[in-house]
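Nothing in this text is a laboratory measurement; each read-out follows from the coordinates by a stated rule. Since the structure is predicted, the reported quantities are computational estimates derived from the model, not experimental observations. Because the Cβ atoms are built from the backbone with ideal geometry, glycine has one as well, and the counts that use them run over all protein chains shown.
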Amino acid sequence: MKHIIAFAGSNSKQSINKQLAAYAAGLVLDTEYTVLDLNDFEVPLYSVDAELENGLPDQAVRLVEMIKKADGLIISLAEHNGAYTAVFKNMFDWMSRIEPKTFQNKPMLLMATSPGARGGLSVLDMAKDRFPRHDAQIVSTFSLPSFYENFSEGKLSNPELEAQLLEDIKLFKTAL
């Protein structure tokens, strides 16, 4: 059975992106999945000096190894000031030092959500440009606008957005 990893680019304990990633992972039928929390992968702030003095953090190595073993990735990026969150960018920096082909050509469903009407489109655009340079095979993207209006009781409440997500899930599942 195929195994996917889902996580949010956020360290919020109430992360709406983690909720979305977990929901999407549950829609990929006939697969096993693990939902990760970046809070469980504590790493120091990246710097060349820190790398030279202390080497590569075990938790970043662990995440890279988990990605290598997975058959696919669902990542939902939170957006802070139009870009990656500090926690995700820091982890991404460490991971790319461990493995420049960070995403290992794994099929990826790339998502974002936010409380606002743009649904994290700025960070999605940034990731769609950057991630392929790190061997991401982005098979589909999904933006969920106005999270609190379109997601309730652990699922999408907007039928049109639900249909769109199911199409994106189908593309992702086919690529696994």
key: Pair list, Cβ < 9 Å and 6+ apart or interchain, from the stretch 22-40 residues that are over 18 Å from T113 (Cβ atoms) and in contact (Cβ under 8 Å) with a residue 24 or more places away in the chain to residues that are in a strand (DSSP E or B) and among the aromatic types (F, W, Y)   = T34/F7
remark   = Taking first residues from the stretch 151-162 that are on the phi < 0 side of the Ramachandran plot and second residues anywhere that are assigned to a loop (DSSP other than H, G, I, E, B), the pairs with Cβ under 8 Å that are 6 or more apart or on different chains are F151/S157
request  = Look through F172, F147, F131, F142 and report the one residue that is of a type in the set (A, V, I, L, M, F, W, C), touching a residue at least 24 places away in the same chain (Cβ under 8 Å), over 15 Å from L77 (Cα atoms) and surrounded by 12 or more Cβ atoms within 10 Å (Cβ to Cβ).
outcome  = F172
request  = Taking only the stretch 65-91 into account, find how many residues are free of Cβ contacts under 8 Å to residues at least 60 places away in the same chain, surrounded by fewer than 21 Cβ atoms within 10 Å (Cβ to Cβ) and within 13 Å of the chain's Cα centre (by Cα).
outcome  = 1
query = Out of (1) assigned to a helix (DSSP H, G or I); (2) of a type outside the set (S, T, Y); (3) in contact with a Leu (Cβ under 8 Å, 6 or more places away or on another chain), what's the single condition that is false for N39?
reply = (3)
key: Any chance K106 is of a type in the set (K, R), buried (at least 16 other Cβ atoms within 10 Å of the Cβ), within 19 Å of A6 (Cα to Cα) and touching a residue at least 60 places away in the same chain (Cβ under 8 Å)   = no
